[in-house]
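What follows draws every value from the coordinates through simple rules; no lab data is involved. Because the structure is predicted, anything quoted here is derived from the model rather than measured. With ideal geometry, Cβ positions are generated from the backbone for all residues, glycine too; neighbour counts draw on all protein chains shown.
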Amino acid sequence: MTTKVRKLKALLGMQGTSDPDLLKQLNAAHDGMNGNSAFSNPPVDMQTLKAGIDKLTVLVTDAEDGGKRAISAKKKQRGEMIRHYTLLGHYVEAASNDDPAVFHTSGFILSPATRTPLQPLSPASFEWIDRGPLAGQVVVKPKKVPKALSYDVHYGVVVNGAPPATWTIVTIPGSKKWTITDLTPGTNYAFQVRALGRLGYTDWSASTNFICG
């Protein structure tokens, strides 16, 4: 049986990283790769990297007073250093030859191997139920459930407080209001809603009773 070797990937994408964290990662890469025989031919030499780190450190401090020129200079240097960091990260991926022990000596952070598993949807419910514009109509509005694909609403007649013996179901493509027609005015109906996600349906909500106008 052949064991599949995990392809190692460096955690890059530093554009949204704060200045202190970016400097921390740049210094970690420099310290890990400088003089490291596993990474003897980097696309950015360590002297250039260190000079760029020192320059960015000064510009970060200068930009703290809010001056436009200082902020612009820091932004430009940030972009240059992120470019260097990205180039070095891809070089480390290749030079490590998918060996985690070698990779970790570089100072780069290994990108997580597992994706976040899908989570069940939150319980479904109605935002409101109201009378429709015409007799025999009821308008329902499901409450938005994050990541829901669609909603099912079913309804049935309540007799002497007992749950409906039969239900009629409609599917709503989103959490928009939906008009249910052909109901009997003056009749008490029970309404329930459920949401559909990538893992399947939620449970039906608790019944909401509403007398059709």
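Checking each residue in region 143-161 for being small (Gly, Ala, Ser) and under 18 Å from residue 177 (Cα atoms) picks out 148, 150.
Taken together, 79, 66, 35, 52 contain a single residue that is buried (at least 17 other Cβ atoms within 10 Å of the Cβ) and among the small types (Gly, Ala, Ser), which is 52. Among the residues of region 82-104, the ones that are under 9 Å from residue 8 (Cα atoms) and surrounded by 14 or more Cβ atoms within 10 Å (Cβ to Cβ) come to 3 in all. Output yes when any residue across region 165-182 is in contact (Cβ under 8 Å) with a residue 12 or more places away in the chain and touching a Lys or Arg at 6+ places or on another chain (Cβ under 7 Å), and no when none is. Yes, the conditions are met somewhere in region 165-182. Listed by position, the strands (runs of 3 or more DSSP E) contained in region 76-173 that have at least 2 residues being more than 30 Å from residue 19 (Cβ to Cβ) and of a type in the set (A, V, I, L, M) are 138-142, 150-157, 168-172. Name the residues in region 177-194 that are surrounded by 13 or more Cβ atoms within 10 Å (Cβ to Cβ) and part of a loop (DSSP other than H, G, I, E, B), would you? The answer is 177, 183, 187.
The number of residues in region 15-31 being of a type in the set (D, E, K, R) and surrounded by 14 or more Cβ atoms within 10 Å (Cβ to Cβ) comes to 2. I'd like the full set of residues that are farther than 21 Å from residue 24 by Cβ and assigned to a helix (DSSP H, G or I), limited to region 45-69. 65, 68, 69, listed by residue number. Mind checking whether some residue in region 32-39 is within 16 Å of residue 76 (Cα to Cα) and assigned to a helix (DSSP H, G or I)? Within region 32-39, not a single residue is within 16 Å of residue 76 (Cα to Cα) and assigned to a helix (DSSP H, G or I). Annotation note: of 24, 7, the sole residue that is basic (Lys, Arg), part of a loop (DSSP other than H, G, I, E, B) and under 23 Å from residue 96 (Cα atoms) is 7.
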